[in-house]
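All remarks here apply to the structure that follows.
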Amino acid sequence: MSRADLPIALSIGEPAGIGPEIIAKAWDRLGAEIPFFVIGDARHIDGPVEVISQPSDATRAIHRGVPVMTRDFGGPRVPGEAQAHHAPHVVGAIRDGVALVMQGEAAALTTAPIHKKALKDGAGFAHPGHTEYLAHLAGVDDVVMMLACPDLRVVPATIHIPLAEVPAALTRDHLTRVIRITHSALQAQGYGNPRIAVSGLNPHAGEGGAMGREEIDTIIPVLGDLRAEGLALAGPLPADTMFHAGAREGYDVAICMYHDQALVPIKTIDFAGGVNVTLGLPFVRTSPDHGTAFDIAGQGRADPTSLIAALRMAREMAG
């Protein structure tokens, strides 16, 4: 069986959030379009389930219910209230998903949302988020988080750090690695020489040093070196003019300097349909671009659109 024919592994995420609900809704809407299986406690899924013993069983089981390689999480889920005893199992589901993909038993990994504080409190989770933990499990030093929807792809050069720490984190070496990883990943997805737009850090991209020197000291030299290698780079560009429809037609992906600079535009353009993709891993990983939504968990209101988009993108990339 080729990798493209394998099912997608889906870690259940935080049981107290909307993950179990959107998983069931995604299965209901997708039918057998995309074979996938869940790693988690089958009792937590809000819908019909089919317990399976190995990933290859998912293709047949998905016609009858959500295929689940079940784990005993030690108790029921309480929507909106994280249980400390679930945390080690949530982490274990991610770890098992990575192992199955790297062993060639699953085509890709899709991850349902986690609650980082719940994992820290209940399992001593030491990583800032999914992205960094996946890099640790895969044994790679540098990964990049890309958010994607049909109208926009964005990459934050820095992710889960305080805003005050961003300027120091934006070294020439770091920014160079982010751009290289993004360029290589898009090439692998079929873009010959992807067009990459790079934002400035400061308002008006520093305005010639009047509003900060990060553009002059860091961003411009990096872009110059990489342009000399043939990369198609534009910037540094003012972030407030990069994301209208006309501007988006000029690039394939935008690299921004910090988390909100990248995520605000994509969540404004397509809040429900954005997908989180980790670039630089030795396997495909996607995730819905939203959190656990404790405030609506268990109420039947959660929208599975982003999870469906994540599963479809995982299938497309794995193929």
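The values are calculated or read from the model by the stated rules, or taken from the named source; none is laboratory data. All values reported here derive from a predicted model rather than from experimental measurement. When we count neighbours, we look across all protein chains shown, and the Cβ atoms used for this are built from the backbone with ideal geometry, even at glycine. Note: accessible area is taken over every heavy atom of the protein model, side chains too, but ligands, DNA and RNA are not part of it. Shrake-Rupley method; radii C 1.70, N 1.55, O 1.52, S 1.80 Å.
Values computed for the structure shown
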| item | result |
| --- | --- |
| Qualifying helices (runs of 4 or more DSSP H) (wholly inside the stretch 166-237; at least 1 residues being under 17 Å from His259 (Cα atoms) and out of contact with any Lys or Arg (no Cβ under 9 Å at 6 or more places or on another chain)) | 166-169, 172-188 |
| Residue list for the stretch 305-319, restricted to those being β-branched (Val, Ile, Thr) and open to solvent by less than 10 Å² (accessible area, probe 1.4 Å) | none |
| Index of the failed condition, Val140 passing every other in (1) assigned to a helix (DSSP H, G or I); (2) at pLDDT below 95; (3) closer than 30 Å to Met102 by Cα; (4) open to solvent by 20 Å² or more (accessible area, probe 1.4 Å) | (1) |
| From Ala272, Ala293, Ala247, residue being touching a helix residue (DSSP H, G or I) at 6+ places or on another chain (Cβ under 8 Å) and assigned to a loop (DSSP other than H, G, I, E, B) | Ala272 |
| Condition met for Thr286 (under 23 Å from Arg195 (Cα atoms), assigned to a strand (DSSP E or B) and either hydroxyl-bearing (Ser, Thr, Tyr) or open to solvent by less than 10 Å² (accessible area, probe 1.4 Å) (or both)) | yes |
| Residues satisfying the stated conditions in the stretch 187-201, i.e. open to solvent by 30 Å² or more (accessible area, probe 1.4 Å) and of a type outside the set (Ser, Thr, Tyr) | Gln187, Ala188, Gln189, Gly190, Gly192, Asn193, Arg195 |
| Val78 vs. criteria more than 19 Å from Ala314 (Cα to Cα) and touching a Leu at 6+ places or on another chain (Cβ under 9 Å) | no |
| Segments classed as strands (runs of 3 or more DSSP E), wholly inside the stretch 1-111, with at least 2 members that are open to solvent by less than 40 Å² (accessible area, probe 1.4 Å) and not basic (Lys, Arg) | 8-11, 36-40, 66-70, 109-111 |
| From Ile255, Ile181, residue being touching a residue at least 40 places away in the same chain (Cβ under 8 Å), under 24 Å from Gly280 (Cβ atoms), within 25 Å of the chain's Cα centre (by Cα) and crowded, with 21+ Cβ neighbours inside 10 Å | Ile255 |
